[in-house]
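One structure is given here, and the rest of the page talks about it.
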Amino acid sequence: MARLLRPKHLPEPTLHRLPIYQRIAGEWAKRGERQIDSTNLGDLAGASSTTVRRDLSYLGPLGTRGSGYDPNTLFQKISEVLGSQLHYDVVMVGMGNLGRALVNSTSFLVHGARIAGIYDIDPEVIGTKVGDHEVQSVDGGLEQAAVGVICVPPEQAQGVAEKLVASKVSAILNFAPQVLTVPLGTVVRYVDFSIELQIVMYHLTNGTGPLGGGILHTLGITPPVALRST
């Protein structure tokens, strides 16, 4: 198992946008494009060109100023900063519909990550296979891993988090709608689909988007009649 290295310091909003820039750069590279500029990136990522340039300045030199960015170089540089060259193990707890979908997904794990073990508490699930992995009992102890993924009901999430911490997990990705209490130094990220849906509905209702100028209105789309205020 690889140790999680101390990452280069990045502001949190920049950290959230870098994977989006990386995905855009990857798509441009696949299409054979040799250059992408901050305006292109901003339009596709929902950020201003000034924000894009500021975010990418944290990556170090990326070419000649004013000539745009090489998509392949940009993709690789973001990968390095985000630690994609590292190798680390992931354990997943909760093999309900979401957990199974993530294990079977071809796009869930980033480069360098591998599933070291999958777990559940249900006797009817323990011993079955999800993809290439056999579900083990969470009460039997967890494999050592850098990252733990929680896909259990909210009332079980804290107990699972404590088991992950006890097994020396350094970071937790929590899909349960429950705030976790963990020791200082343990990284926790929350993925809450209901919150994301609320944000989408806000933009739909108000005709706004990431740029603040209103992407829906810019595209000539106005909120449905049923969503307009009366």
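Data for the structure
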quantity	calculated
Listed peptides 126-137, 101-112 by packing density, highest first (mean Cβ within 10 Å)	126-137, 101-112
Derived scalar couplings ³J(HN,Hα) [region 71-79; Karplus, 6.51 cos²θ - 1.76 cosθ + 1.60; whole Hz; x for Gly, Pro]	x, 5, 5, 5, 4, 5, 5, 5, 4
All-pairs alpha carbon distance profile, region 88-190, 10 Å steps from 0, percent	16, 54, 28, 1
Region 88-190: relative contact order in percent, alpha carbon pairs under 8 Å with at least 6 residues between	26 percent
Region 12-81, relative contact order [Cα under 8 Å, separation at least 6], %	41 percent
Gain upon complete extension [His111, Asp37; 0.36 nm per residue less C-alpha separation]	24.1 nm
Cα shape, region 12-81, gyration tensor, a/c 1.5 rule	rounded
Two-decimal Rg to Rh for region 88-128 - Kirkwood Rh, Cα set	0.98
Sequence-distant residues sharing a close amide H with Val130 (under 5 Å, placed H)	Val135
Cα pair distances in region 1-154, grouped into 10 Å bins until the bin that holds the longest one, percent each	10, 32, 25, 20, 10, 2, 0
Formal net charge of residues neighbouring Gln156 (Cβ-Cβ distance under 13 Å; K, R +1; D, E -1)	-4
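Readers should treat all values here as calculations from the given coordinates under stated rules, not as data from a laboratory. The structure presented is a predicted model; accordingly, all values stated were derived computationally and were not measured. Please note: Cβ atoms are built from the backbone with ideal geometry, for glycine as well, and neighbour counts cover all protein chains shown.
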